[in-house]
Each structure stands twice: as C-alpha cells, then as structure tokens.
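A short worksheet on the structure shown next.
The values are calculated or read from the model by the stated rules, or taken from the named source; none is laboratory data. Everything numeric in this text was worked out from a predicted model, so none of it was measured. Quick reminder, even Gly has a Cβ in these numbers, built from the backbone with ideal geometry, and neighbours come from all protein chains shown. Quick note on the areas: whole protein, heavy atoms, side chains included, nothing else; ligands and nucleic acids left out. Shrake-Rupley method; radii C 1.70, N 1.55, O 1.52, S 1.80 Å.
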Amino acid sequence: MANLVLAVLTARRLARNAAPLACALALGGLVVLDASERLPPLAAAAAFVALVGLLVQRARRRAAAIEASALLDLEVGALLVVATFAAVLRFDGSLDGDAHAALYVVIALVSAFARPGASLLVALAAAALEIAVRSASAARGAPLALDAARAAAPHIAFMAVFSVLNAAILRAEIGRVRKASRTHLQAEIDRLRDDARSYRLLSAPAQARGGAQKGDDERLARSGVEEIHQSVLFALRLLRESLDLYTAVLLWQNDTGTHLRISELASDAPNLSEGPFLSGDGVFGAAITQRAPVVIGGLKPGYKLPYYVGPSPVRAVCALPVFEHGQLRGVLVVDRVEDRAFSPRELELIDEACRYAVRAIQNERVFVQLERAKVEQGKLYRAAEALGAATTEAGVIEAGVTSAREITSVDFAAVTLYDEAQKVHEIRAVSGDGGAELTGQRFRHNAGLVSMVLQNRHPLPYRGEYDEKRQVVFTRRVAPPSMPSIIVLPLVVHDRPLGTLVLGSRRRAAFNDSVRSTLEVLASHMAVSLSNARMMRRLEELATMDGLTGLLNKRAMLEVADQKITAARRFSRRLSVLVTDIDHFKKVNDTYGHDVGDVIIKGLGDVLRRAKRTTDAVARFGGEEFVVICEETDARGAMLLAERVREELGRTTFHAAGSNGPVQCQVTCSIGVATYPEAGSTWEELFKAADESLYVSKRSGRNRSTAWSPSLRSGSAHPPAAEAPGPAKPAAEASAPARPGAAPGARSASAPPAPALPAARSASSVPPAGTPASARSASVPPAGTPAPARSASVPPAGAPAPARSAAGSPAPQRRPPVGGGAPAPSGPDSAPGGRRVAASSPAPARAPGEAEPRSKPRRPSEADPSSKPKTAA
C-alpha cells in the first residue's frame with residue numbers, strides 16, 4: 001500500500017512538472033495545424049490567449065526565482081518560440097517575411113538568460129518547429145518535407161549564429177563584470193583587514209582562522225574600522241573648519257614600519273595621492289625621525305609634497321607624529337593655502353586631535369575585545385548547555401566535538417578514554433577522515449602526545465604545530481591523517497585523568513593562543529560531563545542490575561515485565577515466564593559456605609544469559625531464584641528453553657576456593673513455566689502460575705521442568721508424598737533429623753534426593769536393637785565400602801541429640817576434603833574397625849508414569865546386592 005501511494009505521488013509530481021512543456025507542445029501543434037489550414041478566428045484567439053497567459057505565468061515565476069532551474073528556463077524559452085512562430089504566421093502568412101527576424105531576437109534573448117543546456121534545447125525546438133511548419137504548408141503550394149528542411153537551413157544557421165554569439169559575447173561580458181566586482185570587493189575586504197590589523201583589532205591573519213571564527217572576526221573588524229573612521233573623520237573635519245585648513249590627513253604606519261597609508265582625510269583637493277608612501281619621504285620622514293612636530297611655512301609654488309600628485313597648492317604644512325603608549329603609530333599632516341605659519345595654540349589643537357584619534361582607536365579596540373569575549377562566552381555557554389544535557393558518554397563526546405567545531409576550524413576530532421588501572425588508552429570516537437579505522441583502537445601508555453598530555457596535564461604540542469615526522473599522536477601504527485595543526489587537550493577531573501580530546505585542522509596556526517584557551521575551558525567542561533555520565537551510568541546499573549550476577553534486579557524486572565505484557569496484549573502475542581530455583585541450595589551454603597554459593601549463583605546467571613535471546617529478559621528475583629521473560633514464545637518453546645538451561649546447569653562443574661582448599665561441585669535446578677494468556681493476563685497471575693509449576697517440580701523430585709496447566713491451580717496435579725515400607729509421613733516431618741528415643745517408623749531424612757555435590761559426612765552409629773527395619777535411617781555398609789554422603793543420621797541410643805542452629809535446623813557438619821578421596825578420621829562416631837557408618841535414606845516414591853530423576857544413580861555395594869541404587873548427593 002505504501003509503495004502504491006508513493007508511486008501515485010511520484011506520478012502526480014511528474015505530471016505537474018511536465019504540464020507546462022506539454023502545453024507548449026500542444027500549442028506548437030496548433031501552430032503547425034494553423035499553417036496547414038487556417039483555424040477559425042475564435043479558436044485561434046482562444047489558443048493565443050492561453051499561450052500568452054501561460055507565458056506570463058512562467059515568466060513571472062522565472063523572474064521571481066533567485067536561482068531558476070533549467071526546466072523553468074526551457075519552459076519559458078519554448079513558450080516564447082511558439083508565440084513568436086504564431087505571430088509571424090499571422091502577420092506575414094509564411095516564414096519568409098520580414099517578421100521572421102523576430103525569431104532571431106527571441107533565440108538571442110533565451111541564450112542570454114537561460115542556462116546553456118536549456119538554450120540548446122530551445123534552439124533545437126525552434127528548428128524542428130520551423131521544419132514542421134514548412135512541411136505543413138505543402139498543401140498550399142509549399143515544398144515537401146525534404147525541400148522544407150533545405151529551405152529552413154539558412155534560418156536555422158542564423159538561429160545558431162545568434163545563439164552562439166549572444167551566449168559567448170554576453171556571457172563573457174557578464175563574467176568580466178562579475179570578476180571585476182569580485183576583485184573590487186576582495187580589495188575592499190583586504191583593505192578592511194589591513195586597517196583592522198593596523199589598529200590592532202585583529203590579532204591573527206584571517207586565513208589562519210576557522211569559518212565561524214573568521215566570520216565573527218570580520219564582522220567585528222568591519223564595525224570597528226567603520227567606527228574608527230567615523231571618529232577620526234569627525235576630528236579631521238572639525239580641525240579643518242576651525243583652523244581654516246586645506247587638507248587634514250591621518251596616515252597610519254604598517255606593521256613593519258616601512259610604509260604609511262592614508263587612514264582618513266578631510267580635503268577638497270582633487271589631486272591627492274592614494275599611497276602608500278614610504279615612511280622616510282619628505283615631511284613624513286622628518287616628523288618620524290625627529291619624533292616631534294615639523295612645521296614648514298612659506299613654501300614656494302610647485303613644492304612637492306608626497307601626498308599630492310604634481311605640484312601642491314599649499315604654502316604652509318605641519319606634520320605631527322602619532323604615538324600610542326610611547327610607540328610611533330602614524331603621522332597627522334595638515335596644510336593650508338595661505339602663507340601663514342601654525343601658531344603654538346594651533347599646534348596644541350592639532351596635538352589634541354592626534355590624541356583624540358588614538359583614544360578612538362583604543363576605545364574601539366577594547367570594544368572589539370569585549371565583543372569577541374562575549375562571542376566566545378556565548379559559544380562556551382552553548383557548549384556547556386549541550387554537555388550538561390548529555391547523559392551518556394556518546395552524547396558527551398558528540399556534544400564536545402560539535403562545540404569544538406563551532407569554536408574553531410576542525411577537520412579531525414577524536415576522543416580517547418584512559419584506563420588507569422591497566423594503563424591502556426582506547427579511541428572511543430572519531431570524526432573526520434579515517435574514523436572507521438581508528439575507532440576502537442587500543443594502545444598502551446607510551447611516549448606519544450596522548451600519553452604525555454595525560455601525564456603532564458597540559459595541552460600539546462606547543463602552539464598546535466604538528467610535525468608528523470618527529471611527533472606521534474597515538475602510536476606509530478595508529479596515526480591520525482596528515483595535518484599541519486593538531487592539539488591534544490587533557491580531560492581531567494579532580495586530578496584524575498579520564499582521556500584526551502584530539503583536534504586537527506588543515507589550516508596552519510589554527511590553534512593560536514586565544515583559541516587554545518577557549519578549547520581548554522571546553523575540555524574541562526567536557527571532562528566534568530564525562531565524569532557525570534559515568535556516574536549516572538553507574539547509578540543506573542546499581543538501581544537496575546543485580547550486583548552479583550549483572551542481571552536485572554527485581555525492580556527493573558517488574559518494569560520490563562509490565563512493558564512486555566502490555567506489548568503482548570496489544571499485538572496478541574504469546575509470552576512465557578520461567579522461574580528457576582537451585583535445588584538444595586541451603587545445603588550448599590551450609591556445607592561449603594556462602595562464597596561457594598555466590599559462585600554457583602553467578603554460574604546459573606551465566607547459563608541463563610547464554611541461553612536467552614536478545615529480546616528476552618533475565619533477572620535475579622531473589623536468593624537463588626531467577627526469572628526469564630520470553631517474548632513471542634509459547635509453552636512448547638519455553639519448555640525447550642527450560643530443559644536446555646536445566647541440562648546445561650547439570651553438566652556444569654563449579655570450581656571455588658573453599659575453607660579447606662579448592663572445591664568442585666555440581667548442582668541441579670527446578671523450573672516452572674507459565675505462558676500468557678493461558679496462565680494469566682497480568683504479571684501477578686503469570687508469576688503465581690510459574691511459581692506453582694516450580695513447586696510441582698520441587699515436589700516431583702526436583703531437577704525437572706514443569707509447564708503450568710489449569711489442573712495445577714485446582715491442586716489435583718500435586719503428586720502424592722513419597723512412600724516407604726513404613727508408615728508414610730508428611731514431607732515436613734520426614735525432612736527433620738531423628739531424635740533419640742524416636743518412635744518406630746519415624747523417618748530422619750527428607751524424601752527428595754540430595755543435590756549432586758559432595759555433602760558433609762555426618763556421624764552415625766548402629767541403631768539400637770529391636771528397631772524395626774522400616775524405621776531405621778542408618779545402616780552399616782560392608783567392609784571396604786566408602787561412606788557415602790548423607791543429609792541426616794540417627795544417633796545411637798543414649799547419645800546426645802545433634803546440635804541445632806537457632807532456626808532449629810541441624811548444624812552444619814565438618815566439610816569433606818576435595819574429591820572425597822581422603823579417608824575419614826576415626827573417632828567416637830566411627831564404627832568398629834575404623835569404618836565410618838553413614839546414614840542412608842530410601843529413594844522417594846515416584847508416581848506412576850513419572851520420569852526417572854536425572855541424577856546419576858550410584859552403583860550398589862558389592863557386599864549388599866539387595867541394596868537399591870541411590871541418587872548422587
């Protein structure tokens with residue numbers, strides 16, 4: 001549908017653009033038809049009115065356009081040619097009359113204002129229309145098509161001559177005028193710059209500055225020079241009128257002091273020279289050499305003064321040197337036609353005029369400096385605003401590079417970040433040539449400019465002048481593009497190095513003192529913003545990530561869950577929730593310590609992270625419980641993921657440093673699965689359903705995955721309790737250790753299998769005589785049989801009850817050695833002969849049709865063939 005709409009819009013645009021040319025073609029056809037057979041007067045008048053109206057409309061649009069397109073030129077030219085042919089045929093009745101010369105004028109006019117390509121197409125259209133008109137006139141005695149082309153050949157040749165000559169001559173003249181105008185304008189700009197530099201309004205050549213800096217300096221210099229000229233002209237005019245002078249001129253010295261040029265003058269003399277003048281010429285040299293006023297009177301007619309062309313008409317002249325802070329800056333020369341010497345009072349007035357001119361220049365210089373400072377502060381303000389708005393490292397880097405481009409001309413920019421712990425620099429972002437090759441490069445701390453800048457906390461190289469043959473920016477292998485100007489600025493916060501800002505320019509002296517100071521301020525702002533972005537990222541991680549596993553925490557998971565359920569409801573998609581819990585995790589902590597438990601939790605987090613898709617969300621919900629939210633996943637797909645996670649965790653061996661040495665252990669997990677919308681339409685319902693499925697997996701023997709079904713909610717899916725040869729006991733009672741004097745038939749071990757890890761060996765002894773076999777929770781293994789790990793034991797009659805923790809659970813036993821290969825020491829809890837007697841628990845009863853537990857069965861003891869396989873601890 002979108003492609004169809006786009007095609008329709010494109011066709012409409014093409015039709016609208018081609019409509020004027022189509023109208024011109026149709027009107028040309030009417031002209032050819034009129035040449036073969038006269039149209040009725042009413043139809044001819046209507047066609048002519050339509051032609052004139054369309055021509056006026058397109059011509060007005062062409063006149064209003066600043067930069068007209070070639071299509072518009074072609075439309076106007078074609079309509080002019082058609083109108084001219086129609087007028088010629090109506091006036092002369094053929095193309096051989098005197099009115100045909102108007103066509104040459106039209107061709108010349110089109111060649112003058114239209115583009116070359118449009119002019120050529122209009123000339124070809126005029127030639128084709130003339131041949132068509134002559135061919136159409138064959139019915140009235142005119143030659144046939146071939147003869148018509150021969151007859152039109154002279155006219156076509158004249159059209160080509162007029163078009164080429166007009167285009168060549170007129171365009172050449174227009175080009176000459178434009179070139180002269182540009183030259184004159186450039187001369188005025190150069191003079192303005194020279195004046196500004198001579199008045200110390202510009203501190204550096206304009207070509208060494210960037211585009212934005214150059215534009216600001218030129219604007220300030222233009223306004224400053226104009227203000228100085230107005231002030232000096234006012235002083236000279238006032239001096240001329242008050243002292244009856246003929247000419248008053250202020251000449252300013254160039255930077256080298258070799259020449260003088262006219263800064264401003266007030267005179268009616270027609271033969272003044274524009275200069276420049278040598279500093280040692282005539283009265284100028286005398287005033288500069290003596291550094292005092294030079295007054296000359298009684299000049300003879302025809303006396304030569306440097307600033308007059310030919311003989312001077314004056315009879316008295318006075319030249320005063322102009323000083324600024326004790327330095328010679330120029331000469332003020334006044335003269336008059338009367339042969340009357342300048343009095344001391346007049347000399348004082350002339351000296352006051354000199355000081356006024358100097359003060360005007362100084363005031364304007366201060367004003368320009370203030371304006372420049374205001375412009376720089378505005379740039380820094382915008383940079384600080386952009387850096388303050390950036391909340392990420394990428395945003396800070398982009399804002400900093402953009403601000404640097406606004407301050408000066410920058411053709412290359414790079415930001416490096418420094419890892420102080422590993423002493424490694426990384427080029428994080430690059431703007432300019434070679435960005436793809438440099439981004440992401442890492443290098444060690446070395447003797448390059450980047451490393452030296454961070455070490456010295458000072459920008460390098462000096463004055464930003466870079467020599468790639470003697471200096472290294474990053475490394476010899478990792479180098480920026482060849483540029484004459486490069487500056488490396490440190491990014492430091494509280495004397496802690498964060499990285500560097502590398503800027504390069506193809507202009508020489510692009511990073512002078514004024515620009516460098518501004519860039520240093522920008523770098524300090526950038527460093528603070530970069531540090532804030534890192535702290536904000538750290539705060540976000542602490543607020544949303546689990547500190548142990550790096551996964552989402554409960555708060556962040558609840559937000560993600562609401563978003564994903566809303567999306568699933570909006571687009572009618574499936575969504576599954578997996579709740580994972582480690583089996584017998586408390587025994588792991590009690591046996592090996594919480595540090596080993598943390599290793600296992602992190603390991604399960606890694607397993608879930610590897611198994612999930614990019615669109616899935618994994619979170620640690622609490623303790624050893626994890627939650628996975630899978631988008632667009634039904635119950636079957638969720639079960640496949642759950643089985644993959646469970647099997648991979650079962651195959652994983654965890655290595656940790658225990659209190660008695662290295663520990664190797666394996667664990668299993670149980671998983672509950674619930675799918676939207678069958679299990680619920682809200683997060684609370686989905687999580688409750690997945691939690692119910694998890695507990696079904698726990699009660700069914702652990703180390704398994706269970707998908708939610710409606711029967712689980714009614715409770716019918718809960719399997720019966722595991723049965724033993726004796727009377728069945730509740731799970732809570734079966735999980736408690738036996739006490740001395742317990743009644744026959746009491747169970748001392750929990751029915752579910754122990755986790756697949758080496759459990760602690762608990763002390764056990766031979767049960768009292770007469771105890772029923774069904775109630776015994778400990779047996780004596782044959783000689784030579786290793787004592788397997790058990791989770792509970794029955795103490796002998798009269799022995800004290802095992803120590804219990806504050807919560808009422810059995811106290812943790814002594815941790816076994818790694819691998820269980822070392823023999824257990826003998827003690828009061830050992831059987832006769834030094835063999836340790838371990839407690840055993842029967843395997844849990846399975847419901848009919850229930851799957852075999854995934855734990856690996858032990859091999860039965862050779863001395864007791866009747867013993868059943870037991871699940872690995």
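Among C318, C23, the sequence by solvent-accessible area, most first, with a 1.4 Å probe is C23, C318. Please report, to two decimal places, log10 I(q)/I(0) for region 333-427 at q = 0.18, 0.20, 0.25 Å⁻¹ as given by the Debye formula with identical point scatterers on the Cα atoms and no solvent. Rounded to two decimals, the profile gives -0.95, -1.03, -1.21. These residues, S711, S111, go from largest to smallest accessible area, 1.4 Å probe, as S711, S111.
As a ratio to 2.2 N^0.38 Å, the alpha-carbon radius of gyration computed for region 567-610 takes the value 1.74.
A DSSP coil position with no more than 13 other Cβ atoms inside 10 Å describes the following GluC sites (Glu not before Pro) in region 5-94: E37, E67. Convex hull volume of the C-alpha atoms in region 650-706, normalised per residue: 112 Å³. Restricting region 240-304 to GluC sites (Glu not before Pro) that sit in a DSSP loop and have at most 14 other Cβ atoms within 10 Å of their own Cβ leaves E274.
Estimated at the nearest 10 Å², the accessible area of E371 is 40 Å² with a 1.4 Å probe.
A quarter of the convex hull surface defined by the alpha-carbon atoms of region 494-628 gives 14.5 nm² as the mean projection. Other residues whose C-beta falls under 15 angstrom from the C-beta of L387 contribute a net charge of -1, scoring Lys and Arg +1 and Asp and Glu -1. Using the alpha carbons alone, the radius of gyration of region 12-145 stands to its Kirkwood radius in an Rg to Rh ratio of 0.97.
Accessible surface of K602, taken over heavy atoms with a 1.4 Å probe and every protein chain present, rounds to 100 Å².
Of the two radii for region 258-303, the radius of gyration is 0.98 times the Kirkwood radius, both from the alpha carbons; that is the Rg over Rh value.
Loop-located chymotrypsin sites (Phe, Trp or Tyr not before Pro) in region 260-341 (DSSP state other than H, G, I, E, B) with a sparse environment of at most 15 neighbouring Cβ atoms within 10 Å are absent. Here region 295-375 yields Rg over Rh of 1.15, to two decimals, using C-alpha coordinates and the Kirkwood radius. A straight line joining the Cα centroids of region 528-562 and region 337-376 runs 66 Å. Across every direction, the projection of the convex hull enclosing the Cα atoms of region 516-583 has a mean area of 8.0 nm². Note on surface exposure: M535, M159, M639 rank M535, M639, M159 by accessible area, highest first, 1.4 Å probe.
For region 615-687, the equivalent ellipsoid derived from the alpha-carbon gyration tensor has semi-axes of 31, 14, 9 Å in decreasing order. In terms of Cα atoms, the Rg and Dmax of region 404-522 work out to 13.0, 37 Å.
Are any of the pairs K179/K379; K423/K554; K379/K469; K374/K469; K179/K469; K564/K698 more than 32 Å apart by Cα-Cα distance, and if so, which? Too far apart for the 32 Å limit: K179/K379; K423/K554; K379/K469; K374/K469; K179/K469.
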